[in-house]
Structures are given as structure tokens and as C-alpha cells.
Amino acid sequence: MFEIAHECHQEPWYISEKFWNSFRAGTLPIYVGDAEHVRCARMMPHHSFIDARDFASSKELAHYMLFLSRNRELYDTYFEWKDKPMPEGYNRAKALDWSSFACRLCAYVDRKTQQQP
């Protein structure tokens, strides 16, 4: 039901594969990172993850997770974004994800190789 997406570095605008993997897996991300910038840039849909920093302690967060696990209707509200258009910044952020790096690198090398005489 949940996946902890704990960033190694809590820097503005930094989102690693840990966050994206939660979405790919269909779980609700519990994000431990700089979520303020993620929200401000409208990279992720509203109400699509839980910001661990919204809780006073890990115990309080754990209680909320237990509450959600017993309340399927409330848990499902975190996935209502799937029926709506993605935010403006999502595709830009997703394009920078590490999982697409190899494809982008190969495309770049291919372009550069085609340009050489």
C-alpha cells in the first residue's frame, strides 16, 4: 500500500527514482525530501503522496498510515489524480528522471554521430 521514498539529499527540486518508483509500483509514496518545491512547481498531482514532514514524528506518521490502511475510501482518494490531467511540470520533471537517462544519452550520441562528416 505504501512505499517510503526517502531521498539521500534533501535539496530543492531534487526528486530521485525512489519517488517515481512508488508511482510505477502503484503504491502511495511516503515522501521524505524537499516536497515543498515538488508542490510549488506543480510537478506532482495534488494529493498524490504523503509528505513525511507534515507529521510531528515518525510515530504520528505511522498512526496515519495505519488509519489509511483500515480506511480504503480515504486511501483511494490519493489515487484520484489518475483520472485527471497531469500537472504542467510533471513531464519536465519526469524527463529528468534517472530511469530515462540511458535513453537520452543514446539519443544524444546518435544525434552527434549523425552530425559528424
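The values are calculated or read from the model by the stated rules, or taken from the named source; none is laboratory data. This one's a predicted model, so the numbers in the text were calculated from it and none came from an experiment. Heads up, the Cβs are rebuilt from the backbone with ideal geometry, glycines too, and the neighbour counts pull from every protein chain shown.
The set of residues in the stretch 46-61 being surrounded by 16 or more Cβ atoms within 10 Å (Cβ to Cβ) and either out of contact with any strand residue (DSSP E or B) (no Cβ under 8 Å at 6 or more places or on another chain) or under 15 Å from ILE15 (Cα atoms) (or both) consists of SER48, PHE49, ILE50, ASP51, ALA52, PHE55.
Of everything in the stretch 86-95 that is over 15 Å from ASN21 (Cβ atoms) and of a type in the set (A, V, I, L, M, F, W, C), the residue that is modelled with the lowest pLDDT is ALA95. Does ARG104 fit the bill of being loosely packed, with under 13 Cβ neighbours inside 10 Å and at pLDDT below 90? When the stated conditions are applied, ARG104 passes them.
Within the bounds of the stretch 57-79, is there any residue that is of a type outside the set (A, V, I, L, M) and either over 19 Å from MET1 (Cα atoms) or at pLDDT below 80 (or both)? Yes - at least one qualifying residue is present in the stretch 57-79. One residue stands out among those in the stretch 1-36 that are in a loop (DSSP other than H, G, I, E, B) and modelled with pLDDT of 80 or more: the one that is surrounded by the most Cβ atoms within 10 Å (Cβ to Cβ), which is GLY33.
Residue-by-condition table, conditions (1) over 17 Å from the mean Cα position of the chain (by Cα); (2) not hydrophobic (A, V, I, L, M, F, W, C):
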site: ASN21; (1), (2): no, yes
site: THR27; (1), (2): no, yes
site: MET43; (1), (2): no, no
site: ILE50; (1), (2): no, no
site: GLU60; (1), (2): yes, yes
site: LEU66; (1), (2): yes, no
site: SER69; (1), (2): yes, yes
site: LYS84; (1), (2): no, yes
